[in-house]
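Beneath this line is the structure, given in structure tokens, with notes to follow.
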Amino acid sequence: MTDDYYRDTGGIRQPDPTLGKRVPVTPEPSPPRPARQPAPPPSEPPPPPRVRRQRVVLAEPTKSTNSLRARVELEEQTSWGEMLIKDLIKAQLRSGLLLAGIVLLLLGALPVAFYYSPTFATMRLVGIPLPWLLLGVAPFPLLFGAGLWYNRLAERHERDFVDMIEN
Amino acid sequence: MNPWALSGIVLVAAMTFYLGRRSSRFASTTHDFLVARRTVRSRRNAAAISGEYLSAASFLGVAGVVLKDGADALWYPIGFTAGYLALMLFVAAPLRRSGAYTLPDFMEARLASEPLRRFCTVVVVVIGVLYMLPQLQGAGLAVATIFPAPAWIGAAAVTVVVAVNVMAGGMRAITVVQAFQYWLKLFALAAPTFVLCMVFLGTGGTGGAGSLGEPAPPVFREDTTVSVETDVTLEVGGETPVWSPAASGGERVWLPGRQYRVEAGSTLRFPEGAPVPVVAGGALDNASWLRPTEDASDLLGTYSLIFATFLGTMGLPHVLVRFYTNPDGKAARRTTVQVLLLLGLFYMFPILIGALSRLYVPELLVTGRTDAAVLLVPTAVLPGVLGQILAAVVAAGAFAAFLSTSSGLLVSVAGVVATDWLSGKVRDFKIATVGMAAVPAVLAVSLPVEDLSLSVGMSFALAASTFCPVLLLGIWWRRLTWPGAMVGMTVGGGLVLVALALNVVSEYTGGWAPWFVEQPALLTVTAAFLTTIVVSLGTARRVPDDVNSVMLRLHAPDPLGFMRDRADARFGKADERTRMKRGRHRK
């Protein structure tokens, strides 16, 4: 809502158009700008005035003092803040390594398996050679799945961290 | 000469121009040119990243190596995709949060060293030029395949279109162009693949050159005349009668187990049913083509390729620069997930086309121009107008591939040059663009053409041995120092360049290169990591003082608001500057 408003005005905040004006709640018989509006036919009620109430945001809603203090603490890197961010880094790195390990293990085992077991390398599944299925099709869903999973893990770690800071 | 193909290519070039112009009207500040004001949403950014990434190597090269090497070549698309998983797991979000606007800028932000920054600039330029080369050469190949025109015309056309577009609007302009080109490329490969598969299945699953399931080598389906345009060394899988008018003997029989050297410009004629000779080093018969990893050097070479591609993607400057355009770290991660999906979708098709081309255009195995497979298969399968239209679609897609990848590379390299060697104004960016477009264009015309996938593989190895170790250690390890980073990059990059030189020498002297010269990443990446760690531990005094606050900025979740844009400090805030320019701030 506010975004649209800023785009309309070229990024310039303008004062509330209703500020200091008496905007009637119920439409009066003579609207504020009669010149622009043709006289309505007598049978219809007059349209409401075109002045729209705009919300002016002067600043972001302030966060609770608690979270502000936690942020300052983090920024100043007191031992407590340092420990917190180290824990987060460790958690992120661990889930990254875990997923990379799983993917590498699954894909990295294939060349060795093909090399040491010629029967495995020449096996067929519904007429198509198994290695072609394992190399040409299977890795892509695997990689996408790993990406999705990591995204969930990482976002959960970050959410937990923010929750912890703000409480 | 195919009039459809010409109109397809012209259409793609015109569309690129139009989209670029339309969005470059809004590009006025350095922010626009470098990082598109960091407002690109994740879905469009994912399409743009994929569009930029699917280069000539992916569009033409993957099918080419599949045609030649078979199952072993499938590791290329896997690696090209898996690189993004590594990028996502370890690099994407922290890199975006660093607030840097180029790779050297990130290095300086993390390690606070001006010399390292200058060194990184040089490496970015080298990788960028090395990667742009195969794109331009691919363009030349495509043009020479479709029209009776010299190869340099393609390279020159791509260079001009890309340079003009980039100069007009930088990152802001090419984001839309690249997103559009991803979908174009997907369509340009998917549609012909479906049609060709229909034809293939309609004819009972056997193509002209015999069934792929038979262990024998592919055979010529009719009397075929092949003109060889570069020097090649050929091997045969069975006794092959060959008629070469130039040789005094006339008709001869080639025997398996020996190598035959054919000079550029000679013409060979093979009778119907003769086994197809292949360029030395390729899979000789269908049995070995179907089977992955047959001997120990295959095994090690495969692992080396996995190393290069898995770790190399995160070091490619044109890939990283796109991540700086995300609004925040979380968006950077989400973008990468979508990229994984888009790339996986795309790579099905070049693999299928590569396999089909072994049935329909086996003569490419003789000339060594396997990269042209994608372009030639449609007309070989479907002679007539339908085949020509399909070929035109493919040619248009190939041109989109050259255009999008080279514009991405050009933006990233020109951005680095403009901000590090020049003063970083919009005018400097345009000067850098012209300079950085000219260098690879000249090189592409003057250097001999290699297999696209191989030369791109080398750029991946270079990126993996230089930027990958310093990025990974810089993001996750507090004790990295700038001397460590510098020595590590020098060792890794130097080793790869040595391998590259040896490779060129071996190509001219009979192809003796072992696997670790052809794909050195397994050794060079390890060496780069080890030297970086050892030197960093040895120079522990040089750990920057602000390492803790930098780490906090890299890893603290976005809502806490630690992210600071380094470009703001140097070039001012984008919005403020445009407003000042318009003079409306006093209203």
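Return the distance in nm (one decimal) between the two label points of a simple spin-label model at B:Leu530 and B:Asp223, each offset 7 Å from Cα along Cα→Cβ.
Calculated label separation equals 6.1 nm.
Using alpha carbons only, how many angstrom separate the centre of segment A:113-166 from the centre of segment B:106-121?
About 35 Å separates the Cα centre of segment A:113-166 from the one of segment B:106-121.
Any idea how far apart A:Ala109 and B:Arg43 come out in nm if each label point goes 7 Å out from Cα toward Cβ?
Placing both labels 7 Å along Cα→Cβ, they lie 3.8 nm apart.
R0 = 60 Å: FRET efficiency of A:Ser79 with A:Ser117, Cβ-based, nearest 0.05? Provide the component values of the computation, followed by the final result.
Numbers: r = 55 Å, r/R0 = 0.91.
Here the calculated transfer efficiency is 0.65.
For chain B, compute the number of Lys pairs whose alpha carbons are separated by less than 26 Å, excluding pairs fewer than 8 positions apart on the same chain.
Taking the Cα cut-off of 26 Å, the pair count is 8.
Within segment B:224-275, what whole-number % of the accessible surface is contributed by carbon and sulfur, with the 1.4 Å probe and all protein chains included in the calculation?
On the way: 1350 of 2930 Å².
Whole-percent figure for carbon plus sulfur exposure: 46.
Between B:Arg258 and B:Val164, what FRET efficiency comes out of the Förster formula 1/(1 + (r/R0)^6) with R0 = 45 Å and r the beta carbon distance, rounded to 0.05?
0.30
Enter the accessible area per residue of chain B (Å², integer; probe 1.4 Å; all protein chains in place).
For chain B, the solvent-accessible area averages 35 Å² per residue.
In nm, to one decimal, how far is the modelled label at B:Ala540 from the one at A:Ile102, with both set 7 Å along Cα→Cβ?
3.7 nm
So if R0 is 22 Å, what FRET efficiency would B:Leu422 and B:Val445 give, r being the distance between their Cβ atoms, rounded to the nearest 0.05?
0.25
Just to be sure I understand: if you take the accessible area of chain B alone plus chain A alone and subtract the pair, with a 1.4 Å probe, what total do you get in Å², rounded to 100? Don't skip to the end; give the middle numbers.
Values: alone 23170 and 13920 Å², together 32360 Å².
For chain B against chain A, roughly 4700 Å² becomes buried.
Buried by at least 30 Å² relative to the chain on its own: which residues of segment A:151-165 qualify, computing accessible area with a 1.4 Å probe on protein heavy atoms?
In segment A:151-165, residues shielded by partner chains: A:Asn151, A:Glu155, A:Glu158, A:Val162.
Indicate the residues belonging to segment B:300-326 that lose 50 Å² or more of solvent-accessible heavy-atom surface (probe 1.4 Å) upon moving from the chain alone to the assembly of all protein chains, ignoring ligands and nucleic acids.
Residues losing area: B:Tyr303.
Suppose we compare each residue of segment A:109-132 in its chain alone and in the full protein complex with a 1.4 Å probe; which ones drop by at least 50 Å² of accessible area?
Output list: A:Pro111, A:Tyr115, A:Trp132.
Based on alpha-carbon positions alone, could you give the equivalent ellipsoid semi-axes of segment A:65-166 from the gyration tensor, as √(5λ), descending, whole Å?
Listed largest to smallest, the semi-axes of segment A:65-166 are 46, 14, 6 Å.
With a bin width of 20 angstrom, please list the P(r) values of chain B as percents of all Cα-Cα pairs, from the 0 bin to the one holding the largest distance.
21, 53, 23, 3, 0
From the alpha carbon gyration tensor of segment B:224-275, can you work out the equivalent ellipsoid semi-axes (sqrt of 5 times each eigenvalue) and give them in Å, largest to smallest?
Result for segment B:224-275: semi-axes of 16, 13, 10 Å.
The values are calculated or read from the model by the stated rules, or taken from the named source; none is laboratory data. It should be emphasised that the depicted structure is a prediction, and the values quoted were computed from it without experimental measurement. Methodologically, a virtual Cβ is constructed for each residue, glycine included, from the backbone with ideal geometry; neighbour enumeration extends over all protein chains shown. When the accessible area is computed, the model is the full protein with side chains, heavy atoms only, and any ligands, DNA or RNA have been set aside. Shrake-Rupley method; radii C 1.70, N 1.55, O 1.52, S 1.80 Å.
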